[in-house]
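Chemist: Below you'll find the structure I mean.
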Amino acid sequence: MKKTLALILAMLMCLSVMVSCGGGNTDPADTTTAAAGGDNNTPADTTTASVEETESPYDANGYLKDSLNPDLNYNGEKFPILYWQDVERIEFEVLEMTGDLIGDALYNRNAAVEDRLNIDFEWIGTPGNYNNQAAFVSQVTNDVNSGGEYEVFSGYSMTAATIALQGLSRNLMEVENIDFEKPWWPASLTELTTINDRLYFCSGDISTNMLHMMYCTLFNKTMAEQLNIGNVYEMVDKGTWTIDKMAELASTAYSDLNGDTVPDVSDQFGLALGSNIHFDAFFTAAGLRTVTKDANDTPIMAEEFSSDKTHALLEKIVDIFHNNDYSAFAATVSGWSNKPFAEGRVLFIVDRNYVTSSATFADTTVTYGVLPVPKYEEAQENYYTCMAFPFSIYSVSIALSDEKANMAGAVLECMGSESYRQVTPAVFETAMKLKYSAGEDDSRMYDLVRDTIQFDLGRIFTTPLKNISYSPFRNACNNGNTQWVSIIKAEAKVMQKALDNIVTSLDKIAAGQ
């Protein structure tokens, strides 16, 4: 089925190009003119030399193009994709253009892939979110065992590792047509999630939910001015935006608005979390990981996971959120959510980026700004952005022949490329950076947040790791327990054994055992 790209595509492509997406000016054709004059009184050649034009690697809007063979043609073959239909934000099938910016961009992406490769997408949705992981994996298992109806599986991030460990997905390093050097495949994902030089899943611009699920800090600009806290954008630029600085500024904001002498949901706060799960953001922002790899690309529990730095970070967070009235989250303030921020009663809130386009913010009158989650300390070189779990990871079915797998590789590459050039500008440049933010500084901060996305192999493999990659630290923050040494000591052996089992299982699968 062929679809015609709509006029809105041209309108979207007139947006400014993101530096973080690798955009640049179109490479003009090189034309030169022969120099006048010559040796031995030779008359000057006044003709213009004709130089063969070479095709630019960038499109007309400055976005890098993919390197797929333009002659690829799959003769109208159907291409079935199994996806998790309870995804939090639209990402997959879009039946028609409705004027919704992101939905129309996805429609155009799908149409472009179908037209370029001459395929016909078939989207098969099934429940697969956190509570439905087992059902999604079961459907994948049944499909592979019955010969393979689906070519690609796109599931909630926690399911991809389980699918790989059951031998249901291909090693993408052996699939043709995917170029992981391209910017639509984040380097931190493809570099940090290989195991023994094998990669069983991928994500990036192909998943709109990656942009939605970035953690960031939002701040109330009006309250910031009233409290005279200074220019927080400059703090970020100078590297002084740390968890201690955020706490210092937040400590000036609390006000007992209802006069009952007890911090409650009606008061004004300096710092808040929209949910108890968001403590993960501070761990990643501190440059910490749960799993790293040795020289042989074999995963091991990261030394920093049980380090003094992690212990010190935990103590900071517990002190901020459990021992001070200026902070709020669900465990300390009954009925807490991100609504008080949208109502103008919170200075800073750490949450997933998509909260800015949620129903809670639909009618907000708050002028808010965007910042990264703060660093652990000024000496830390970079900011780091944590990815919340509800984004999509794509796998290629092991049931496919080599020829079909290479076709799947072409489809994923084309989807990633077209998403990078069509969907990401709509989601990121327009919806997030322009529609929901208030100025150039915020757009710049969004770029910084996106550029510093950090993936952790432990979070990707969290289900087979029995959730040790996030639950001990998150639970300690929630419960106010600072006894990190004893906490992690009890979990370390379990985690390393689970990692060893993961490596053994994948090695056996690779060896065909």
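The values are calculated or read from the model by the stated rules, or taken from the named source; none is laboratory data. Since this is a predicted model, take the numbers as computed values, not measurements. Positions of Cβ are backbone-derived with ideal geometry, glycine not excepted, and every protein chain shown enters the neighbour counts. Quick note on the areas: whole protein, heavy atoms, side chains included, nothing else; ligands and nucleic acids left out. Shrake-Rupley method; radii C 1.70, N 1.55, O 1.52, S 1.80 Å.
Chemist: Go through the residues of the range 466-476 one by one and say whether even a single one is modelled with pLDDT of 95 or more, of a type outside the set (Asp, Glu) and open to solvent by 50 Å² or more (accessible area, probe 1.4 Å).
Modeler: Yes, the range 466-476 has at least one match.
Chemist: Something else: Scan the range 480-494 and tell me whether some residue there is under 26 Å from residue 391 (Cα atoms) and crowded, with 21+ Cβ neighbours inside 10 Å.
Modeler: no
Chemist: Select from the range 54-68 the residues that are in contact (Cβ under 8 Å) with a residue 60 or more places away in the chain and within 28 Å of residue 396 (Cα to Cα) and write down the one among them that is surrounded by the most Cβ atoms within 10 Å (Cβ to Cβ).
Modeler: 63
Chemist: How many residues, within the range 373-409, are crowded, with 21+ Cβ neighbours inside 10 Å and more than 30 Å from residue 133 (Cβ to Cβ)?
Modeler: Residues meeting the conditions: 4.
Chemist: Could I ask something else about it? Which residue, of 197, 205, 244, is surrounded by fewer than 23 Cβ atoms within 10 Å (Cβ to Cβ) and either among the aliphatic types (A, V, I, L, M) or more than 27 Å from residue 498 (Cα to Cα) (or both)?
Modeler: The match here is 244.
Chemist: Identify, from the list 319, 294, the residue that is modelled with pLDDT of 95 or more and surrounded by fewer than 22 Cβ atoms within 10 Å (Cβ to Cβ).
Modeler: When all the criteria are applied, what remains is 319.
Chemist: Regarding residue 433, is this residue under 30 Å from residue 116 (Cβ atoms) and either open to solvent by less than 20 Å² (accessible area, probe 1.4 Å) or touching a Gly at 6+ places or on another chain (Cβ under 8 Å) (or both)?
Modeler: Judged against the criteria, residue 433 is a match.
Chemist: Is there any pair with a first residue in the range 227-241 that is touching a residue at least 24 places away in the same chain (Cβ under 8 Å) and under 17 Å from residue 439 (Cα atoms) and a second that is assigned to a helix (DSSP H, G or I) and not small (Gly, Ala, Ser) whose Cβ atoms are under 6 Å apart and which are 6 or more apart or on different chains, and what are they?
Modeler: That search, which allows pairs on different chains as well, returns 233/441.
Chemist: Here is a follow-up. Say we look at the range 337-376 and pick out the residues that are among the acidic types (Asp, Glu) and over 24 Å from the mean Cα position of the chain (by Cα); which of these is nearest to residue 251 (Cα to Cα)?
Modeler: 343
Chemist: Then there's this: Anything in the range 439-465 that is among the hydrophobic types (A, V, I, L, M, F, W, C), out of contact with any strand residue (DSSP E or B) (no Cβ under 6 Å at 6 or more places or on another chain) and buried (at least 21 other Cβ atoms within 10 Å of the Cβ)? List them, or say none.
Modeler: Across the range 439-465, the qualifying residues are 455, 460, 461, 465.
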